[in-house]
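Notes follow once the structure below has been shown.
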Amino acid sequence: MEEKLKQINNISPNCIKIVLYGPESTGKSSLAKELASWYNTVYVKEFSRIYAEAKAQNNELLTSEDVLPIAIGQIAMENHQLKTANKLLICDTDLLETKVYSEYYYDGFCPDAVVRYAYLNTYDLYFLTYIDTPWEADGIRDQPKNRLKLFNLFQKELINTKKPYVLVKGTFEERLNLCKTQIDNLLKKEH
């Protein structure tokens, strides 16, 4: 089971991996799509959204039992997309985000294997998205009043795990330009 949470880095060992990370409704998906298009590469969708939407269609709610399948699905999508990435893989979440949400929603619970691989899996840079965007309801999102609390939990996790990150805030164009500058710097280092 744990093997399903592990990144397969030998597919494309020199590929730069970026994570869009932070609370709901902070523009992560929009940035991921735009950055992937700009750099002519692929991005990894947020599997938890796909999973939650499927459950909602059956009038089911997410439970702590769903955390492990969500984590496995996220890594499976990441490993699959890595095969076609063009020097750069943009991830619209990762297991660290899954861990934060699991602990938030399920009274501190997160499966040990998810925690372990949230720490073991590696990325070149995290873009921590700030809450200065309007919250938009979409049938899945449910935390309009706890955005600052969630943001602080996400940032604390990055600091505690010493993950490299850049705070992304402002208008969409400002966010996009900051992300492009940071990615361009990483790409230059690879050459």
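Screening the chain for whole DSSP H helices with an alpha carbon extent of at least 18 angstrom along the helix axis and a mean Kyte-Doolittle hydropathy of at least 0.0 yields 67-82. Scan (1) 56; (2) 47; (3) 44 for the value of percent of Cα pairs over 22 Å apart calculated from this model and give just the label. Given (1) 56; (2) 47; (3) 44, the structure-derived one carries the label (3). Each Cα pair under 8 Å and six or more residues apart adds its separation to the average, and for the chain the resulting relative contact order is 32 percent. Mean residue ellipticity at 222 nm, helices only, the chain: -15500 deg cm²/dmol; runs of at least 4 DSSP H residues each add -39,500 (n - 2.57), and the sum is divided by the number of residues. Cα-based radius of gyration for segment 97-138, normalised by 2.2 N^0.38 Å, reads 1.46.
The aspartates and glutamates whose alpha-carbon is closer than 20 Å to the alpha-carbon of LYS17, local same-chain residues fewer than 8 away aside, are GLU3, GLU34, GLU46, GLU78, ASP92, ASP94, GLU97, ASP124, GLU157, ASP184, GLU190.
Counting only C-alpha contacts under 8 Å and six or more residues apart, can you give the relative contact order of segment 52-158 as a whole percent? In percent, rounded to a whole number, it is 26. Computed from backbone phi, the HN-Hα couplings of segment 19-24 come to 10, 8, 9, x, x, 4 Hz, rounded to whole numbers (Karplus: 6.51 cos²θ - 1.76 cosθ + 1.60, θ = phi - 60°; Gly and Pro given as x). For the peptides 79-85, 19-25, 59-65, 4-10, the ranking by packing is 19-25, 79-85, 4-10, 59-65, with the highest mean count of neighbouring Cβ atoms within 10 Å listed first. The alpha carbons of segment 26-73 give a radius of gyration and a Dmax of 13.4, 38 Å, in that order. Using the alpha-carbon centroid of each, what span in Å lies between segment 22-80 and segment 144-191? Result: 18 Å between the Cα centres. The shape of segment 1-61 comes out oblate: with a ≥ b ≥ c from the C-alpha gyration tensor, a/c is at least 1.5 while a/b does not beat b/c.
Measuring against 32 Å, Cα to Cα, the residue pairs LYS156/LYS188; LYS87/LYS149; LYS87/LYS145 contain LYS87/LYS149; LYS87/LYS145 as the ones spanning a longer distance.
Throughout, read-outs are computed from the coordinates displayed, never taken from laboratory work. It should be emphasised that the depicted structure is a prediction, and the values quoted were computed from it without experimental measurement. No Cβ is skipped: glycine too gets one built from the backbone with ideal geometry, and neighbour counts run over all protein chains shown.
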